[in-house]
Structure formats: C-alpha cells, structure tokens
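> I have a structure I would like to understand better, so I am pasting it below and will then ask my questions one at a time.
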Amino acid sequence: MGKKGKSESRILVGTASWSDPGFVEHWYPKKMPAGERLAWYAQHFEMVEVNSSFYSVPDPRLVERWIHNTPDDFVFDVKLHQLLSRHSTNLKLLPPALQKKAESDAKGRVKLTPKLEAAMIDELRRPLEMLRGNGKLGALLLQLSPGFSPRKHQLKELDDLLGALGEYRIAIELRNRNWVEGENLEATLAFFRKHSAALVSVDAPSEKHFTIMPPELNAVTNPELAYLRLHGRDAHAYTTGKTVAARFNYDYSDKEIDEVADRARDLTEEAKEVHVVFNNNALDYAPHAAARMRKALGQMIPPTPRQTELF
C-alpha cells in the first residue's frame with residue numbers, strides 16, 4: 001500500500017488546558033463565569049488537552065459536565081497522572097482510597113510500586129470510559145519526567161502501564177533527550193512501535209539541552225496517531241523558568257505558525273490523525289497561536305478580538 005492521501009487524515013488543533021490564568025485574564029470575555037469557559041473554548045477548537053488530570057483523577061461529575069458542555073465531535077486528550085509518568089508525587093495528590101495504601105518517605109513522596117500503579121489505573125478507568133462512551137476520548141498523554149533517563153531507567157519499566165492501558169490510544173512525551181540520541185534512537189522507536197504508542201513530536205528550542213527533545217524528530221510510531229506539542233522556542237526560558245508559564249513563555253510569529261502547519265501536514269503522510277497542542281501557556285499566547293494555526297491549515301474558525309490589542 002502507498003502513502004495515505006492527506007484528504008483522509010485529520011488535524012486537530014487545541015491548547016494544553018482551557019483554564020490557564022493567562023487565558024482567563026486575556027482571552028476569555030471579561031467576567032465570563034468559570035462554568036461557561038469550556039463551551040466557549042469549544043466554539044473555537046475541536047480538541048483540548050486536559051491538564052488537571054496530571055494532578056488528580058477527574059471527578060466523574062466534572063467529566064459529565066465536560067461532555068455536556070462540548071459538541072458531539074469534540075475531543076479530550078487526557079494527561080495521565082504524574083505518579084504514572086514517573087514524576088515525584090506527593091501522597092496528597094493520590095485519590096483518598098490510595099493514600100491509605102501507598103508507601104511514602106519522610107517528605108511525603110510516594111513510592112511507585114506495581115500494585116499502586118495498577119490501583120491508580122483502576123481509579124482512572126471510570127472517567128476515561130465516560131469520555132470514550134460518548135465518543136470524546138482522543139488520546140492519553142504520558143508526559144515522562146526528565147529524570148526518567150536511559151542512564152537510570154529502561155523503557156520496559158512502562159510495559160505494565162502500557163499493557164493495562166492498551167485499549168486506549170497513548171502518546172508518550174519523553175523529556176530526556178538521551179532516549180533519542182545516537183544508538184538509543186532505534187531501540188526507542190522500536191519500543192514505541194511495539195506498544196503502538198505515538199512518540200510525541202515537539203516544537204521546542206533547537207538548543208542541545210538534555211531536557212529538550214530534538215525539534216527535528218518527526219517519527220510516526222503509530223499510523224493511527226501523531227502528536228505534536230508546541231513549547232515555544234526560547235531556550236533560556238525553557239531551561240531556567242521556575243514556573244510552567246515562565247518556561248513556555250513564547251509568542252509564535254505567523255511565519256513560525258506556517259512552518260508548524262507544514263510539519264503537521266507532513267505528519268498526515270504517515271498518520272491518520274494528527275493532534276497539535278499549543279503548550280506556550282503564558283498570557284493568551286496558546287489560544288492565539290492555535291487559532292492562527294487553524295487558519296493556516298484552512299480550518300474555519302470564528303474570529304475573536306485579541307484583548308491585548310485593545311489597550
């Protein structure tokens with residue numbers, strides 16, 4: 001079989017979260033009640049990455065509201081909890097039922113065990129199944145810690161997790177460059193293909209820092225899904241920023257948006273669906289960039305005045 005025609009592939013564009021303080025202050029209409037934001041967001045974009053799920057398992061009543069407040073074809077990509085993505089996790093961030101079972105150190109940091117991992121996955125199933133049952137679950141995003149490195153870890157440590165979540169589409173964002181440097185690259189790609197996991201491509205600074213994945217890496221490891229996350233191109237901010245907003249504080253130019261649109265189109269040559277997520281979440285940069293991206297791709301969206309231009 002030859003390459004898939006671009007017409008068969010879809011490109012979905014959105015932002016990493018819909019409730020960032022910068023969005024609230026600069027993008028949403030002034031004084032819009034919090035409960036109305038998602039519906040307003042969904043008038044502009046077809047997908048969003050849920051960020052709150054990195055910190056806590058989504059409450060089913062909340063998920064019900066998400067489903068109710070978005071159009072039938074709206075898609076949620078869900079970021080997996082930080083415990084599963086090998087970040088240092090405080091006991092308080094586990095669901096109450098698991099706090100009693102988990103082992104933690106003197107600082108309250110949880111020890112990840114196979115049993116705890118399995119219990120955490122079970123906690124996630126209900127909200128995930130609610131989204132899936134309504135046709136609104138896109139992919140699960142496993143954003144690994146930069147500390148998860150080939151020097152200290154092996155990718156097969158993720159086998160149980162990926163096996164347990166095998167019925168879902170999974171995108172994995174490596175945050176340690178060494179997984180794809182030199183001879184590690186082929187082994188890493190082979191692992192991703194074996195698990196049908198999408199290796200997240202990034203738009204990031206071109207600096208060779210161990211926490212910055214190479215922005216030229218465009219490997220499609222699952223023909224069903226390619227996933228592109230945009231972190232901005234400011235190397236100094238990326239490597240020294242103390243907060244997420246500081247690290248990804250970057251306003252893409254129209255020329256850069258056109259470059260990214262071309263890259264997304266290239267990914268459709270090998271993947272049926274491409275998710276493009278703007279994570280440059282300072283001020284209104286992400287929704288403003290995502291709107292321009294949709295325009296560059298020829299996707300029609302209603303115009304929103306940019307508040308910063310009013311003053």
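The values are calculated or read from the model by the stated rules, or taken from the named source; none is laboratory data. No experiment lies behind these values; they were computed from the predicted model shown. FYI the Cβ positions are ideal-geometry reconstructions off the backbone, even for glycines, and counts take in every protein chain you see. Each accessible area value is taken on the protein alone, full model and side chains, heavy atoms only, with ligands, DNA and RNA left out. Shrake-Rupley method; radii C 1.70, N 1.55, O 1.52, S 1.80 Å.
> Take each uninterrupted DSSP H stretch in the chain, measure its Cα extent along the helix axis, and return the ones at 27 Å or beyond whose mean Kyte-Doolittle hydropathy is at least -1.0.
Helix filter hits for the chain: 114-133.
> Still on this structure: Please list, in order, the residues from the stretch 144-165 whose amide nitrogen is less than 15 Å from a point placed 7 Å along the Cα→Cβ vector of E123.
Of the residues in the stretch 144-165, none has backbone N under 15 Å from the label point off E123.
> Something else: Carbon and sulfur atoms: what percent of the 1.4 Å accessible area of the stretch 131-204 do they account for? Spell out each step's value before the answer.
On the way: 1330 of 3020 Å².
Percent of accessible area from carbon and sulfur atoms in the stretch 131-204: 44.
> For K156, go through the aspartates and glutamates and keep the ones whose alpha-carbon is under 15 Å away, minus same-chain ones fewer than eight residues off.
Candidates past the 8-residue exclusion: E117, E186.
> Consider all pairwise Cα distances in the stretch 140-269 and report the whole-number % of them above 21 Å.
41 percent
> Hey, what number do you get for the chain at 222 nm if only DSSP H runs of n ≥ 4 count, each worth -39500 (n - 2.57), divided across all residues, to the nearest 500? List each step's numbers first, then the result.
Details: 11 runs with 97 residues, N = 311.
So the calculated ellipticity at 222 nm is -8500 deg cm²/dmol.
> Would you work out if the chain is rounded, prolate or oblate? Take a ≥ b ≥ c from the square roots of the eigenvalues of the alpha-carbon gyration tensor; rounded if a/c is under 1.5, else prolate when a/b is larger than b/c, oblate otherwise. Write out the running numbers ahead of the final one.
Details: a/c = 1.38, a/b = 1.16, b/c = 1.18.
It is rounded, given that a/c, with a ≥ b ≥ c, falls under 1.5.
> Still on this structure: Percent relative contact order of the chain, based on C-alpha pairs within less than 8 angstrom and at least six residues apart?
Over the chain, the number comes to 22 percent.
> Given the convex hull of the Cα atoms of the stretch 104-164, what is a quarter of its surface area in nm²?
With the hull built on Cα positions only, its mean projection is 5.5 nm².
> Separate question: If I model a spin label at R65 and E207 as a point 7 Å from the Cα along the Cα→Cβ vector, what separation in nanometres do I get?
Each label point is offset 7 Å from its Cα along the Cβ direction, giving 3.9 nm.
> Please state the relative contact order of the stretch 137-215 as a whole percent: Cα pairs under 8 Å, 6+ residues apart?
33 percent
> If you don't mind, there's one more thing I want to ask. For the stretch 58-184, what's the relative contact order in percent, using C-alpha pairs closer than 8 Å and at least 6 residues apart?
32 percent
> Quick check for you: with a 1.4 Å probe and neighbouring chains kept, what is the accessible area per residue of the chain, in Å²?
48 Å²
> Springs between alpha-carbon atoms under 10 Å, Gaussian network over the chain: tell me which of K152, K208, K100 tops the mean-square fluctuations.
Between K152, K208, K100, it is K152 that shows the largest mean-square fluctuation.
> By its C-alpha gyration tensor, with a ≥ b ≥ c as the square roots of the eigenvalues, how is the stretch 5-132 shaped: rounded for a/c under 1.5, else prolate for a/b larger than b/c, else oblate?
prolate
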